[in-house]
1. Just to check your reading of the model, which residue among 135, 146 is at positive phi and part of a loop (DSSP other than H, G, I, E, B)?
2. Restricting region 122-148 to residues that are surrounded by fewer than 20 Cβ atoms within 10 Å (Cβ to Cβ) and within 10 Å of the ligand (Cβ to nearest atom), which is farthest from residue 185 (Cα to Cα)?
3. Return yes when residue 211 is in contact with a helix residue (DSSP H, G or I) (Cβ under 7 Å, 6 or more places away or on another chain) and over 14 Å from residue 134 (Cα atoms) and no when it is not.
4. In region 42-87, which residue that is away from the ligand (no atom under 14 Å from the Cβ) and touching a strand residue (DSSP E or B) at 6+ places or on another chain (Cβ under 6 Å) is nearest to residue 27 (Cα to Cα)?
5. Of (1) more than 16 Å from the ligand (Cβ to nearest atom); (2) free of Cβ contacts under 8 Å to residues at least 60 places away in the same chain, residue 95 satisfies all except one. Which?
6. Which of the residues that make up region 186-238 are crowded, with 16+ Cβ neighbours inside 10 Å, in contact (Cβ under 8 Å) with a residue 60 or more places away in the chain and closer than 13 Å to residue 147 by Cβ?
7. Hey, does region 1-19 have a residue that's under 17 Å from the mean Cα position of the chain (by Cα), within 16 Å of the ligand (Cβ to nearest atom) and on the phi < 0 side of the Ramachandran plot?
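Nothing in this text is a laboratory measurement; each read-out follows from the coordinates by a stated rule. From a predicted model like this one, the values you see are computed outputs, not experimental measurements. Don't worry about glycine lacking a Cβ; one is built from the backbone with ideal geometry, like all the others, and counts go over all protein chains shown.
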Ligand code: PGA
């Protein structure tokens, strides 16, 4: 199977077997291009291990003044509710991106602090580009298996598998059980989506999500319906 191909009918590009460094560069370039084309764009931003290098690159480009975030609005995909600030996604985005990029506090949005996150996103004109990861259980943001397809931003109990993937049981910090997340429809309403997957532990679930039936048992499978989706992974299909 080729490592890059366009599936028929849908304008989706799936780019596989791309080393993590190159994958991160491509995602960072897509974000930079979006900002240059639309300086007041609205971005949906993930946390986790996968986007770290992408954020490092964006931070570097911002610090050497080749990227201007002054009008960009950033919307975190999700966050824990019952966690210490130290491990919150606000802190993560602050540390990995916002500080270095100079995203002003008024342009940093997080579903933890919004009564109506979807209304807020809509009032800014909707998400232009959203970057998402995929969990080993097929979640996107914290839309765990069994989430309603018709969901908007909502609170969730985290799946045990997600807690296991994100925290070691020896962690000195209280392990969160509850989160707030953009819903399936919030994500699907983004004009463009880029999904990034890093590490072979994501291989089987990504394959299932993109080639299997669309089912909320694998929330990422809904992405098959998105008209403007790019997928980047650092592994080949099996
Ligand atoms: P990861 O998380 O980037 O830490 O693998 C992705 C996800 O669970 O969505």
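1. Criteria check complete, one pass: 146.
2. 136
3. No: the conditions fail for residue 211.
4. 43
5. Among (1) more than 16 Å from the ligand (Cβ to nearest atom); (2) free of Cβ contacts under 8 Å to residues at least 60 places away in the same chain, the lone unmet condition for residue 95 is (1).
6. 186, 187, 216, 218, 219, 220, 221, 222 - these are the residues of region 186-238 that are crowded, with 16+ Cβ neighbours inside 10 Å, in contact (Cβ under 8 Å) with a residue 60 or more places away in the chain and closer than 13 Å to residue 147 by Cβ.
7. No, region 1-19 contains no residue that is under 17 Å from the mean Cα position of the chain (by Cα), within 16 Å of the ligand (Cβ to nearest atom) and on the phi < 0 side of the Ramachandran plot.
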